[in-house]
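Read the structure below first, then the notes.
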Amino acid sequence: MPDRHPSIDLPPLIAHRGLSARAPENTLAAVRAAHRAGCTWVELDVQLLGDGTPVIWHDASVRRCSDGRDALADLELPRARRLDVGAWFADDFVGERMATLREMLELVDALDMGLNLELKVNRGRSAPALVDGALPTLLDALPSERLILSSFNDAALDHARRFAGPERLALGVLFEGLPRHWQARCEAVDAFSVHTDWKRLNQRGARAVREAGYRLLAYTVNDPAAFAPQWSWGVQSAITDDPAVFDGRLPPP
């Protein structure tokens with residue numbers, strides 16, 4: 001892999017959807033909690049409301065993580081902002097509101113944190129529209145050394161690469177298990193990193209990723225004892241709901 005990618009210093013642990021074990025996922029509160037816990041990077045999801053506003057959200061609907069029931073595609077920002085997205089998690093978070101991408105980026109930047117932002121293209125949504133809506137704000141907000149943009153969606157990554165070259169924007173290709181032609185996919189978008197389900201990763205695949213020059217990230221790792229051998233395979237960062245479970249279980253620096 002060419003060395004023209006950003007110089008990104010990844011930590012061993014990245015907080016999944018913010019500190020989602022201790023605060024409602026993908027919220028400003030979850031990112032603040034991650035920062036208080038000593039995390040230097042967070043992983044978050046972005047998609048569009050029906051009016052085209054990029055927001056930090058994972059699901060296709062708001063049913064699981066709010067007091068609403070609508071599909072995200074049916075919401076405009078004023079209605080979305082009336083939702084309580086914290087009460088479902090705990091009383092301490094009653095009144096938490098859905099974060100726009102701009103608000104979240106302002107917080108991440110103010111806290112001097114790194115961000116792995118996933119372009120979440122749910123069924124029936126447009127990948128190019130998401131990239132067009134999110135990328136200008138994203139590229140203006142964070143320096144290249146504190147940003148990885150990832151996705152499972154090929155069209156989203158292809159379109160994102162047209163916005164910025166590899167020296168400005170690190171792209172991460174998300175897989176469940178490594179498919180046969182994973183490297184061709186990474187080469188097509190000049191990827192920086194490979195992100196894979198740790199339960200479907202094997203030593204041979206991990207070695208191939210690292211020998212090809214890509215950074216290797218594993219998700220969503222909440223069993224540090226079972227995961228432990230994968231540090232020696234070359235996994236650089238584990239994306240986890242609760243970094244605290246790794247206390248005393250990290251590889252030597």
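The values are calculated or read from the model by the stated rules, or taken from the named source; none is laboratory data. The structure presented is a predicted model; accordingly, all values stated were derived computationally and were not measured. For neighbour counting, all protein chains shown are included, and Cβ atoms are generated from backbone atoms with ideal geometry for every residue, glycine included. Ligands, DNA and RNA are excluded from the accessible area calculation, which covers all protein heavy atoms including side chains. Shrake-Rupley method; radii C 1.70, N 1.55, O 1.52, S 1.80 Å.
Things to note:
- If the condition is being part of a helix (DSSP H, G or I), open to solvent by less than 30 Å² (accessible area, probe 1.4 Å) and either under 21 Å from residue 10 (Cβ atoms) or touching a residue at least 60 places away in the same chain (Cβ under 8 Å) (or both), then region 113-132 contributes only 130.
- Members of region 183-204 found to be without any contact (Cβ under 8 Å) to a residue 40 or more places away in the chain, outside any loop (DSSP other than H, G, I, E, B) and touching a helix residue (DSSP H, G or I) at 6+ places or on another chain (Cβ under 8 Å), listed by number: 183, 185, 188, 194, 196, 203
- Selection status of residue 152, open to solvent by 30 Å² or more (accessible area, probe 1.4 Å), farther than 27 Å from residue 224 by Cα and of a type in the set (Phe, Trp, Tyr): no
- Given (1) touching a strand residue (DSSP E or B) at 6+ places or on another chain (Cβ under 9 Å); (2) open to solvent by less than 60 Å² (accessible area, probe 1.4 Å); (3) not in a loop (DSSP other than H, G, I, E, B), number of the condition residue 245 does not satisfy: (1)
- Count of region 207-221 residues which are in contact (Cβ under 8 Å) with a residue 24 or more places away in the chain and either surrounded by 19 or more Cβ atoms within 10 Å (Cβ to Cβ) or under 18 Å from residue 176 (Cα atoms) (or both): 9
- Considering region 1-91, there are no qualifying strands (runs of 3 or more DSSP E) wholly inside with 2 or more residues that are among the β-branched types (Val, Ile, Thr) and in contact with an Asp or Glu (Cβ under 7 Å, 6 or more places away or on another chain).
- Residues of region 205-226 classified as in a helix (DSSP H, G or I) and in contact with a helix residue (DSSP H, G or I) (Cβ under 6 Å, 6 or more places away or on another chain), total: 2
- Looking only at residues in region 62-80 that are charged (D, E, K, R) and within 15 Å of residue 26 (Cβ to Cβ), the one that is most open to solvent (accessible area, probe 1.4 Å) is 63.
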